[in-house]
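Notes follow the structure.
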Amino acid sequence: MNEIEIQRVQKYLQMKFGQSDLILRTRKTGDSVEVLLKGEFLGVIYKDEDEGETSYDFNMAILDIDLNEVA
């Protein structure tokens, strides 16, 4: 992902979730970025290009032990 794409996706997610502290950080691989909220890692966004269309897939793992915090 290039810097312009990263900024556009970041602004979209900040607006969608109402979280200005949500940032995207580049990874060593060029096809994805890390998603962080207030410095805490949330997941990864992968860029997918297929048949001339581009999409961004947000992958977030939720551990069962993390669910105990809200139970």
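What the table shows:
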read-out: Unmet requirement for E69, which otherwise passes all of (1) touching a residue at least 12 places away in the same chain (Cβ under 8 Å); (2) out of contact with any helix residue (DSSP H, G or I) (no Cβ under 9 Å at 6 or more places or on another chain); (3) loosely packed, with under 15 Cβ neighbours inside 10 Å; value: (1)
read-out: Among the residues listed as E51, E34, the single one being of a type in the set (D, E) and surrounded by 14 or more Cβ atoms within 10 Å (Cβ to Cβ); value: E34
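Where a number appears in this text, it was derived from the coordinates with a stated rule and is not lab data. What you see is a predicted model; the values in this text were computed from it and never measured. Methodologically, a virtual Cβ is constructed for each residue, glycine included, from the backbone with ideal geometry; neighbour enumeration extends over all protein chains shown.
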